[in-house]
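Visitor: The structure under discussion is supplied below as structure tokens; questions concerning it will follow.
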Amino acid sequence: MKSWVVLGSAITAGVLSAAAGWAAAGKAPSAGGPDSARLTERHGAKATLRPQRSREVDERLAKLHAARNPEDRIRLAVALAHELSLDELRQWFEGNWLRNDGDLAATIFYRVARQRWLEEDPEGLFRYDLKHDSDYLAKTAECLGQRDPAAALEMMRGKGAARVGPAAAAALLKGLARTDPAAAREAWELFRQIPGVTDDYRLNVALEALALWQPGVLEASMDELPDKMRRQALTITTRLALQADFSAEMARLAADPDGFRRFEEVLKTGGGELLLPEHLGDLPKEWIGWLGDRFARLADGGSAEAWLDQDLAAMGVDEGKVEQIRFQALFSLVWSHPEEVFKRMAHVAMTADQRASLIQQTMRALLQQDPEQARRMASELDDPEDVAQAAASIDQYGDEREGQSEKKSPDPRTWLESLVTSEWDDPFGGAPTYPEADEAKKAELVREFRSMDEPARISVARKLFADGGTSSPAGDPLAAAAARELMLHPPEGADWNGTEFSSDLSRFTVNWADEAPAEAAAWAKSLPAGEPGNLAARNVALRWADYDPAAARAWARTLPAEMRAAVMETLGPGR
């Protein structure tokens, strides 16, 4: 395992990459710095050697490496990111002098430095990201378009749009569309000249940006667009209009000779969730007949019950299609609401084979979720064939749950005490996990854990993290209590640069922050003052800031003084 500073590695692997999709092979690394494995950088036919390291760089690196603990090293890294000139900053990125191999200080240095570079010289950072084919390129390009429209537009003039490529050009256009109509108009003309762009999926990025922020620019260009591009543009504008006001846009489509084709194209390209049963009254009657087959697919989703409750025949749906739609909607409830299937089954027409399949899958779902309810509902069936099918399903699938039931709900205290004497020291053998428990049982587990004596708590906590914390669900109360115990009682003689479990705790923290940042933040805030708590809070803050920077900073201001200073330093100014 790496050190507690492997928090940086966990951020790289989970936190930062989850929000931004960083660290593809051969791309700029996830921490925002250069690729630590690359000796030269290629752009076109040229290979650019890394800049030579000066004595001043060596002295700064020596000062960082000599820091007594992670807190000091992070503090020095943040200061360095702010004191370097922009030219020096570029050289540090090009030279990869602060190697980003999992050290949290390096991770934070590159994040803070990148943010500063983006604010002070977005064009320079864009050129760097373009040169190194960075995963940040689209984000940087969009920012450049917003902050410096003239520079962004200049990048696209001549053959620039083709040179930077469709992804960067679409992002530049997206930034321009937010701020500058005239520049967006010219950029749109240049973007369309990129060879092959009509077949590039980045075309949708450009079209959606114009449809959202510069619809007049897109509308004015419609007659000039190639047929395929024009159809894509109309599909996007139609989808956005339906999202804004379904009834009003449907009235416009109904009056358009090409309206049905446009509406059908929206449904084909991911807009099916827009059409709910209550919207059928807005559709022309003949459209409902034409769309009958598609309704069955739309009914297989979150609106299934609404499709079951709607009088589809009265809305104009063909009777044969009504049966198909209602069965599909009912079948989609098997795993989410199996009890509803038996309640509604008598009111939905279906073939004998469909009914048998429906009962079989519903019984399987019920047996896994609540065996007693499954048997009770099976006993309430009247039709002999239904009863026989339910019984066969119990015979076939009952063991799936039965085999787990013996160890389903052991006594929490007994289970915890069994861990004290058991051996879970193989990281490849998994970690112990309490069988599925409701909230009351989880709370009882935590109470029993906290009531154990200190040696027993530490023993159990280490075993719960034997596989790196991957067996524990994000935010699991027992895992959170165990993580806290490990922070309070690291192995004897170990510091936070050399413990075997530090990366496990880090992974647990960032996974929780990814799933539920507010809950993870409350937990981090409750940790005792000092290095472990500060580093956990840094992790949460970095992850939360990727989702909602304002909320992350607001939370940071509520922290105890030492923890607040550590987190605010990590977030940097203006984040």
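Visitor: Hey, any hits in the stretch 165-177 for a residue that's charged (D, E, K, R) and modelled with pLDDT under 95?
Guide: no
Visitor: I've got another one for you. Does the stretch 259-272 contain any residue that is open to solvent by 60 Å² or more (accessible area, probe 1.4 Å), among the hydroxyl-bearing types (S, T, Y) and touching a helix residue (DSSP H, G or I) at 6+ places or on another chain (Cβ under 7 Å)?
Guide: Yes: the stretch 259-272 contains one or more residues that are open to solvent by 60 Å² or more (accessible area, probe 1.4 Å), among the hydroxyl-bearing types (S, T, Y) and touching a helix residue (DSSP H, G or I) at 6+ places or on another chain (Cβ under 7 Å).
Visitor: Give me a count of the residues in the stretch 247-258 that are open to solvent by 40 Å² or more (accessible area, probe 1.4 Å) and in a helix (DSSP H, G or I).
Guide: 4
Per-residue answers, yes or no, for (1) open to solvent by 40 Å² or more (accessible area, probe 1.4 Å); (2) among the hydroxyl-bearing types (S, T, Y); (3) under 35 Å from the mean Cα position of the chain (by Cα):
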residue	(1), (2), (3)
V341	no, no, yes
T351	yes, yes, no
R355	yes, no, no
D370	yes, no, yes
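Visitor: Can you name every residue in the stretch 321-335 that is touching a residue at least 24 places away in the same chain (Cβ under 8 Å) and out of contact with any Asp or Glu (no Cβ under 6 Å at 6 or more places or on another chain)?
Guide: Listed by number, the residues that qualify are K321, E323, Q324, I325, R326, F327, A329, L330, F331, V334, W335.
Visitor: Would you pick out the residues in the stretch 129-147 that are farther than 17 Å from G175 by Cβ and either open to solvent by less than 30 Å² (accessible area, probe 1.4 Å) or at pLDDT 95 or above (or both)?
Guide: H132
Visitor: Here's another thing I want to ask about it. Every residue in the stretch 217-246 that is part of a loop (DSSP other than H, G, I, E, B) and either farther than 26 Å from I194 by Cα or open to solvent by less than 20 Å² (accessible area, probe 1.4 Å) (or both), please.
Guide: L225, D245
Visitor: For the stretch 148-173, which positions are of a type outside the set (D, E), open to solvent by 60 Å² or more (accessible area, probe 1.4 Å) and in contact with a helix residue (DSSP H, G or I) (Cβ under 8 Å, 6 or more places away or on another chain)?
Guide: A150, R157, listed by residue number.
Visitor: Among the numbered criteria (1) at pLDDT 80 or above; (2) more than 17 Å from T107 (Cβ to Cβ), which single criterion is violated by A541?
Guide: (2)
Visitor: Right, next: Please report, ordered by residue number, the helices (runs of 4 or more DSSP H) entirely within the stretch 281-346 with at least 1 residues that are at pLDDT 85 or above and closer than 25 Å to F246 by Cα.
Guide: Filter on the stretch 281-346 gives 285-290, 304-309, 319-331.
Visitor: Looking only at the stretch 172-207, how many residues end up being out of contact with any Cys (no Cβ under 9 Å at 6 or more places or on another chain), in a helix (DSSP H, G or I) and more than 17 Å from S221 (Cα to Cα)?
Guide: 5
Visitor: In the stretch 144-160, what residues are in a helix (DSSP H, G or I) and either more than 22 Å from Q91 (Cα to Cα) or touching a Ser or Thr at 6+ places or on another chain (Cβ under 8 Å) (or both)?
Guide: Passing the criteria: G145, Q146, R147, P149, A150, A151, A152, L153, E154, M155, M156, G160.
Visitor: Quick one: would you say A47 is at pLDDT 85 or above and either open to solvent by 40 Å² or more (accessible area, probe 1.4 Å) or part of a helix (DSSP H, G or I) (or both)?
Guide: So A47 fails the test.
Visitor: Answer with yes or no whether S503 is open to solvent by less than 10 Å² (accessible area, probe 1.4 Å) and either touching a Lys or Arg at 6+ places or on another chain (Cβ under 6 Å) or modelled with pLDDT of 75 or more (or both).
Guide: Against the criterion (open to solvent by less than 10 Å² (accessible area, probe 1.4 Å) and either touching a Lys or Arg at 6+ places or on another chain (Cβ under 6 Å) or modelled with pLDDT of 75 or more (or both)), S503 qualifies.
Per-residue answers, yes or no, for (1) open to solvent by less than 70 Å² (accessible area, probe 1.4 Å); (2) over 19 Å from D309 (Cα atoms); (3) within 40 Å of the chain's Cα centre (by Cα):
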residue	(1), (2), (3)
R344	yes, no, yes
V348	yes, no, yes
M363	yes, yes, yes
R375	no, yes, yes
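The values are calculated or read from the model by the stated rules, or taken from the named source; none is laboratory data. For clarity, every value in this text was computed on a predicted model and none was experimentally measured. Ideal geometry is used to build each Cβ from the backbone, glycine not excepted, and the neighbour counts take in all protein chains shown. Calculation scope for accessible area: heavy atoms of the full protein, side chains included, ligands and nucleic acids excluded. Shrake-Rupley method; radii C 1.70, N 1.55, O 1.52, S 1.80 Å.
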